[in-house]
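Questions regarding the structure given below will be posed in turn.
Taken together, the values in this text are just the output of simple stated rules run on the coordinates, not laboratory data. Predicted model, so just to flag it, every value in this text is computed and none were measured. Note that we place each Cβ from the backbone using ideal geometry, even for glycine, and neighbour counts take in every protein chain shown.
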């Protein structure tokens, strides 16, 4: 997800616009469903797996001031790994009693959200609107309770080379800024499941992170964990995520390498700093690799038996066999990762078919952490194909939300009328919304929710709250703008919570089918299903009505 000030320039405009979270609830029929079916999220738990939570936020507290957070698993802190109440052997668990004690005493609760995304996601999914006028900014399921898992996603740079040379951990997706440790992700999901089971309530797990990369065919270990825990025969347990915020750019390539043949992948690098290319191909094949930069040529490097790394003046190269792909890799698939670290220019990666049975490859240009604004300008010049899903979104049981534009005009906390232009009009797909298909040809996106320029809770002191132009009211930074598929997934997760309140025994497969069958189409979606919109636009009222129908 991105926040608005990181996108295109803001312009002054002459007319104010309506608020957005209440408008999104009206547009999708959430408020009407609450009135007709009496659903508020009561009796449902939403597990937010992200970077933390601001437990002090009034929108995430009960009317008596106590927290709606049942428990927290902080996987960034292992000091409590051996505690008696921690069966996971990692992280530190904080219970509701400890959070309530801190809130009552006015001291800092044992959980933070330094960035703000976890708090924003919770606010959209189930915030109570506390601190906003008449609760205007309440989320979709304001009586749902929360579980929080805090993850640290920043690997030390030296880990990449260690893995290529034989370390049991793995280069995961296409960005060093995201470090998926499947062992901890598995613990995160099992923790949410165990805690929800202990209170006897259905569970919606919301996980919103992931850059481009990974096999994206539903067969990775991450996807298999998701499908194992939320499969078609598991009642009352659903996993929700966003498609990605990488849009329909020229950042994916695919093709086939023949025996003895070669495929050249020319890449236009326009940004300074590191640009990462992530390539996946069958484990039965062996591709040798050559790399051409504006400064030098290197290779061909022979496909290694297990793992190999090479370094040039303007590149770093890693080639990992399936035995090294412990975390995010499809069983048997091999990974080639090339970090382009030189100046802007034309680069080429050549795949040589040393041993070929299938020959299919899928390649992604990942994030540019040092210059994120330049990411759209880095692209493949040949072999381009559609698709920008993150790997977890290709899990077959996942509810995958894309994002369409709710509004592009708003007023800041200072009363300034602002606008965001150049990304589409209200009702159109947000240009950054990740699209399918998956590498194995499925649409990938389930549906799209109205979430661009939506309002949600901000973590006090978090990075987002420091962006003053994003604040909606001058109330200490309690509420501000949120955008992208992270926001769309959080809004959708709230709707799923209302569906599970109506029928706690719904499986993820039934929830997905209801959402797909009830989604609407219009002039913007065109014929659905498709790989951009999935089955269309979220119709919360119709989905909740279908869930509430006697069976």
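Per residue, how big is the convex hull of the stretch 252-380 when only Cα atoms are used? Give it in Å³.
Convex hull of Cα atoms, per residue: 92 Å³.
For residue 84 and residue 233, compute 0.36 nm times the residue count separating them, minus their Cα-Cα distance, and round to one decimal in nm.
50.4 nm
Also, quick follow-up: With each pseudo-label sitting 7 Å past Cα toward Cβ, what's the residue 509-residue 114 distance in nm, one decimal?
Result: 4.3 nm between the two label points.
Something else about it: Please compute, for the alpha-carbon atoms of the chain, the extent along each of the three principal axes and give them in descending order in Å.
In descending order, the Cα extents are 68, 60, 48 Å.
What is the spin-label model distance, in nm, from residue 517 to residue 463 if the labels are put 7 Å beyond Cα along the C-beta direction?
A separation of 4.2 nm, rounded to one decimal place.
Write down the percent of antiparallel bridges among all DSSP beta bridges whose residues are both part of the chain, to the nearest 5.
Of those bridges, close to 70 percent are antiparallel.
While we're on this one: Extension gain residue 76-residue 42, at 0.36 nm per residue separation less the Cα-Cα distance, in nm?
9.2 nm
Go ahead and estimate [θ] at 222 nm for the chain from helices alone: -39,500 (n - 2.57) per DSSP H run with n ≥ 4, summed, over the residue count, rounded to 500.
Helix contribution divided over all residues of the chain: -6000 deg cm²/dmol.
Let me ask you something else. Roughly how tilted is helix 485-502, in degrees to the nearest 10 and between 0 and 90, from the longest Cα axis of the chain?
Rounded to the nearest ten degrees, it is 50.
Calculate the length of the line joining the C-alpha centroid of the stretch 223-263 to that of the stretch 110-138, in whole Å.
30
Between residue 302 and residue 425, what length in nm is gained on full extension when 0.36 nm per residue of separation is reduced by their alpha carbon distance?
Stretched fully, the residue 302-residue 425 segment lengthens by 39.3 nm.
Against the longest alpha carbon principal axis of the chain, how many degrees, from 0 to 90 and to the nearest 10, is the axis of helix 96-105 turned?
The angle comes out at about 60 degrees.
Give me the angle, in degrees from 0 to 90, between the Cα long axis of helix 182-198 and the longest principal axis of the Cα atoms of the chain, rounded to the nearest 10.
That works out to roughly 20 degrees.
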